Amino acid sequence: MRSTPIEHALDLFYPPRCAGCDSPGAWWCDRCQALCVPVPQPVCAVCGQPSAISPCLICLEQRPSFTALRAVALFEGPVREAVHRLKYGNRTATAGALSELLLQTWLLQGWHAQLVTSVPLHPRRERSRGYNQATALARPLARALGIPFRDHLLLRVRFTADQIGLGVAERRHNMTGAFVVSGQCDITGKTVLIVDDVATTGSTLSACAAALRNAGASKVYGLALARQTVG
Ligand SMILES: [Zn+2]
Ligand SMILES: [Zn+2]
């Protein structure tokens, strides 16, 4: 993505440092790009998890509410580092470079969307962090795609427990009813892309998609920077 004059000026004052390894020179360096671990193929056409059959057994048992979900790479190496910097290091500047990785993955799928939004944090968590890392990724992606970005289209109405250590069914149960659509724009018949930083089972994105489908969205795609495999 070509930088805007303001971004170019900012680069002069705050020289870029790589989101993956913190080395100076670029927001995402060639070495980190080479060290990215792709999601092993083949994957389930629906949830994007590595699977010999498609749909995978999990999706066959209970179809997620999203149309399909994909991730740029596994939650390992430089991508893992980048997510941590983005989440805890207040490195929103790196989000632009990381959104380019999302853009490449999105374009490879050949999917289309009319609206982009992000997985919301609970307002309490967003206040304490100061920003939503998924929004930081989604906004420049939407700009690059030329599609409107709708901030806070989804609202997180329940403060959900940490999902670490939970299985697929428990995660799904944990997320049920956690999101509602804010009603700020009519999404009837629209195809929506939801962006998140890390996807594991996809239960969070499925709960978001369920809320969007209930509000009239025709299709919902999920795109995450990283895929964390369960177990
Ligand atoms: Zn690097
Ligand atoms: Zn699946």
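The figures follow:
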| read-out | value |
| --- | --- |
| Carbon/sulfur fraction of accessible area - the range 37-227, other protein chains in place, 1.4 Å, % | 52 percent |
| Chymotrypsin sites (Phe, Trp or Tyr not before Pro) within the range 140-231, DSSP loop, no more than 12 other Cβ atoms inside 10 Å | PHE159 |
| Radius ratio Rg over Rh of the chain, counting only Cα atoms, Kirkwood formula for Rh | 0.95 |
| Gyration tensor (Cα) of the range 36-138, equivalent ellipsoid semi-axes in angstrom | 26, 16, 14 |
| Additional length obtainable on full extension of the chain from TYR88 to GLN62, 0.36 nm per residue less Cα span | 6.0 nm |
| The range 53-103: chymotrypsin sites (Phe, Trp or Tyr not before Pro) in DSSP loop, at most 15 other beta carbons within 10 Å | none |
| Cβ-derived FRET efficiency at R0 45 Å, ALA34 paired with SER218, nearest 0.05 | 0.70 |
| Principal axis dimensions, largest first and in whole angstrom, of the range 127-231 by Cα | 37, 26, 26 |
| Full-stretch length increase - SER54, TYR14 - with 0.36 nm per residue and alpha-carbon distance subtracted | 9.8 nm |
| THR229-ARG129 pseudo-label distance in nm [points 7 Å out on the Cα-to-Cβ vector] | 2.6 nm |
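The values are calculated or read from the model by the stated rules, or taken from the named source; none is laboratory data. Since we're looking at a predicted model, the values are computed, not measured. Heads up, the Cβs are rebuilt from the backbone with ideal geometry, glycines too, and the neighbour counts pull from every protein chain shown. These accessible areas exclude ligands, DNA and RNA; they are computed on the full protein's heavy atoms, side chains included. Shrake-Rupley method; radii C 1.70, N 1.55, O 1.52, S 1.80 Å.
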